[in-house]
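Here's the structure we're looking at; comments come further down.
The values are calculated or read from the model by the stated rules, or taken from the named source; none is laboratory data. Here the structure is a predicted model, which means the values were calculated and not measured. Cβ coordinates were reconstructed from backbone atoms using ideal geometry, including for glycine residues, and neighbour counts include every protein chain displayed. Surface accessibility is based on the protein's heavy atoms, side chains included, excluding ligands, DNA and RNA. Shrake-Rupley method; radii C 1.70, N 1.55, O 1.52, S 1.80 Å.
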Amino acid sequence: MGHNEVVHSSGGNIADPISNIIKKRRLQLGLTQSKLAKQAGMSDKTYQRIEQGCSDMRLSQYRALINACQMTDLDVSLDLLGVESATAEDVASASRLLLPITRLRLVQSIIEEWQRKTFDDNKTKKGNVR
């Protein structure tokens, strides 16, 4: 997925589950819409439209919002599944139940995400140094 790809919502005026998860975390953190929008590097109006489900968010916006909310993709996935709390050990234990090929793919995906995050972090650091 590229940074310009869209994370699709359910459309219409009903916020999608991912937007609801971000809103819930925003409220838990005691952030206003404006403060979260600023931390995520977007306008208030853009964030409001995403939270209300009036606008699909781009993948880059999704990443910026979950980072600003101090969340990971795993946090979002667990929230989507209704899992209230899970530790890294819980996830590791559950992965032992997977078929070997599925476990291998999972590890490969985790490594790819870690490399992507490291690359993105390094790119951001280099871009901010003047």
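List of remarks:
- For the stretch 47-79, residues that are open to solvent by 50 Å² or more (accessible area, probe 1.4 Å), assigned to a helix (DSSP H, G or I) and either touching a strand residue (DSSP E or B) at 6+ places or on another chain (Cβ under 8 Å) or of a type in the set (S, T, N, Q) (or both) total 4.
- Residues in the stretch 93-110 that are surrounded by 10 or more Cβ atoms within 10 Å (Cβ to Cβ) and part of a helix (DSSP H, G or I): Ser93, Ala94, Ser95, Thr102, Arg103, Leu104, Arg105, Leu106, Val107, Gln108, Ser109, Ile110.
- Whenever a residue of the stretch 81-102 is farther than 21 Å from Lys24 by Cβ, its partners that are of a type in the set (Lys, Arg) and open to solvent by 70 Å² or more (accessible area, probe 1.4 Å), lying with C-beta atoms within less than 7 angstrom and at least six residues away or across chains, give the pairs Ser95/Arg103.
- Filtered by the rule that a residue be among the β-branched types (Val, Ile, Thr) and over 27 Å from Ser19 (Cα atoms), the stretch 75-117 gives Ile101, Thr102, Val107.
- Single match in Arg63, Arg49, Arg105, Arg130 (criterion: at pLDDT 85 or above, over 30 Å from Leu27 (Cβ atoms) and among the basic types (Lys, Arg)): Arg105
- For the stretch 80-92, the set of residues classified as modelled with pLDDT of 75 or more, open to solvent by 60 Å² or more (accessible area, probe 1.4 Å) and either in a helix (DSSP H, G or I) or among the hydrophobic types (A, V, I, L, M, F, W, C) (or both) consists of Leu80, Leu81, Glu89, Asp90, listed by residue number.
- Applying the set (1) open to solvent by 80 Å² or more (accessible area, probe 1.4 Å); (2) at pLDDT 80 or above to Glu113 leaves exactly one unmet item: (1).
- Pairs with Cβ under 9 Å, 6+ apart, first in the stretch 29-58 and under 16 Å from Cys69 (Cα atoms) and without any contact (Cβ under 8 Å) to a residue 24 or more places away in the chain, second crowded, with 19+ Cβ neighbours inside 10 Å and of a type in the set (Asp, Glu): Gln33/Glu51
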